[in-house]
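Worksheet: the structure to be examined is printed underneath.
Values in this text are rule-based calculations from the coordinates and carry no lab data. In this text the structure is predicted, and so the values were computed from the model without any measurement. Note that we place each Cβ from the backbone using ideal geometry, even for glycine, and neighbour counts take in every protein chain shown.
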C-alpha cells in the first residue's frame with residue numbers, strides 16, 4: 001500500500017500541503033472561511049482520487065447551545081440558539097435578536113414559526129447559498145466550473161472538467177457540553193493531549209435535517225469535521241491503511257449506487273475500533289486481523305441498521321439509510337464471503353492485486369514517479385493560487401511556477417515513454433491519479 005501512495009510519509013506530506021493551500025485561500029478577503037474536509041484533509045487520497053470536500057463557513061455568524069453567555073459574543077455577530085430537542089446530532093436554529101449585518105443568505109432563510117420564534121431554515125439557506133458558493137469558488141480559479149444538483153448539504157461542482165468538489169455551506173457553532181461528553185468517555189485512544197485539542201477546534205452545523213423528520217427543512221446537522229480530521233491524522237500507519245482498504249472494498253466490491261453506505265460510516269467504525277482497543281495492538285502484523293474486524297463491524301451495521309456516530313453515540317448513522325430487502329441481504333452475504341476468505345480478500349482489489357504480482361523494479365520505479373508527479377501537481381496548484389491576482393489572472397512569468405511546470409512535463413514524458421516501451425499507454429496525468 002505504501003507503493004500505491006498510502007504510506008505514512010506521503011500521507012503526512014499531503015496533509016501539510018492541503019493545510020497550506022487552505023491558508024492561502026483564507027488569507028484573501030471574502031465572506032467565508034474555507035475548511036478542507038474528508039479524505040483530502042486526511043491525506044488518504046491522491047490528487048484526483050475521490051472528491052475534494054470543502055466546508056464554506058459564513059463569517060460573522062455563531063450558533064450556540066443553551067447556557068452560553070451571549071454577552072461574551074462580539075456585537076457584530078449574528079447569533080442563533082441551538083435547539084437540540086430533535087433527533088440526536090441535529091438541531092434547530094432560533095434567531096437571538098435582529099440580524100446584525102442583514103446578510104442576504106440569512107435574511108432569505110429566516111422563517112417565522114408563528115409562536116414568536118424566528119428560525120433559520122436549512123432548505124432555504126442551502127438554496128440561497130448555492131449561487132453565493134459559485135461566486136466564492138470562482139474568486140480563486142480561472143478554470144470553468146460546472147454545478148450539479150445538491151446532494152444532502154453538499155453542492156457538487158466540477159472544476160476544469162476533472163476536479164470534482166463537494167462544497168458544503170456551514171455555520172460555526174459553539175457546543176462545549178456535547179464535546180465534553182465525548183471527551184470524558186473512558187478510552188484507550190486518543191491520548192489526553194489530542195482529546196483536548198479536538199474539543200478546542202471549531203464545530204459547525206450544515207444545512208440538512210434528519211431524513212425522517214417532518215420538520216427536516218428547519219433542521220441542521222452538527223458536524224465536527226476539524227476534530228474528526230485531527231483524529232484521523234493521529235491514527236497510526238496500520239489503522240490508516242485498514243481505513244483505506246475498507247474504503248477500497250466499499251467502492252470496488254460492494255459498489256453502493258445511492259450512498260446507502262458511505263466512507264463516513266467506515267470512518268466511524270475505524271474511530272470506534274481505535275478507541276476501544278490498546279494502541280499497541282495495531283501494527284503491521286495485525287493488519288489483516290483489524291481489516292477482518294472492520295468487515296465484521298460493517299456487516300453488523302448493515303444487518304442491524306445500527307451504527308453509533310463516534311462524536312454523538314445517540315445518533316444512528318444507519319437511520320433512514322433506505323437499505324432493506326434484497327440489497328441488504330446481498331451485502332451481508334457478500335461481506336460474510338469476504339470475511340471467510342481471510343488474507344486473500346485483498347486480492348479482490350485490482351490495485352492491490354497488480355501491486356502484488358507486478359515485477360518489483362518496474363513497480364517501484366513507476367510508484368516513485370507517480371508520487372513525484374502528484375507532489376509536483378499539488379505544488380503547481382499551490383503556486384498557482386499564490387500567483388493569481390484579484391482578477392483571476394495567473395502570473396505566467398513566475399519563475400517557480402514555470403520551473404514546477406517544466407519538471408512536471410519532463411517527468412510525465414519520462415513515464416509515458418517507458419510505458420510505451422513496455423506495451424502500455426498513458427495519455428495524460430489524469431490517468432495516473434484516478
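Multiplying the residue separation of residue 194 and residue 264 by 0.36 nm and removing their Cα-Cα distance gives an extension gain of 23.1 nm. The simple Förster model, with R0 at 56 Å and r as the Cβ-Cβ distance, assigns residue 336 and residue 390 a FRET efficiency of 0.45. Extending 7 Å from the Cα toward the beta-carbon at both residue 158 and residue 326 defines two label points whose distance is 3.0 nm. Which one of 311, 375, 419 has the biggest mean-square fluctuation once the chain is modelled by GNM with Cα springs under 10 Å? The residue with the greatest mean-square fluctuation here is 419.
A Förster radius of 45 Å, combined with the Cβ-Cβ distance separating residue 413 from residue 185, puts the computed FRET efficiency at roughly 0.25. One decimal place: the segment residue 8-residue 253 gains 85.7 nm when fully extended, by the rule 0.36 nm per residue minus the C-alpha distance. Note on residue 108 and residue 138: the model spin-label points, each 7 Å out from Cα along the C-beta direction, lie 1.4 nm apart. Beta-bridge orientation, the chain: approximately 75 percent antiparallel, per DSSP, counting only bridges with both partners inside.
For the stretch 152-172 and the stretch 200-273, compute the distance between their C-alpha centroids and round to whole Å. Distance between centres, Cα-based: 16 Å.
A Gaussian network model of the chain, with springs between Cα atoms under 10 Å, assigns the largest mean-square fluctuation among 156, 360, 192 to 360. Given R0 = 22 Å, the distance between the Cβ atoms of residue 33 and residue 76 translates into a calculated FRET efficiency of 0.85.
Of all the options 191, 153, 207, the one that moves most in a Gaussian network model of the chain with Cα springs shorter than 10 angstrom is 191.
For the stretch 163-204, the residues whose backbone nitrogen is under 18 Å from a point 7 Å from the Cα of residue 69, taken along Cα to Cβ, are 174-177. Based on DSSP H segments of at least four residues, each scored -39500 (n - 2.57), the chain has a per-residue ellipticity at 222 nm of -14000 deg cm²/dmol. Here is the P(r) of the chain: all C-alpha pair distances, binned every 20 Å from 0, give 23, 55, 21, 1 in whole percents.
Distance from the Cα centroid of the stretch 319-393 to that of the stretch 29-97 is 29 Å (rounded to whole angstrom).
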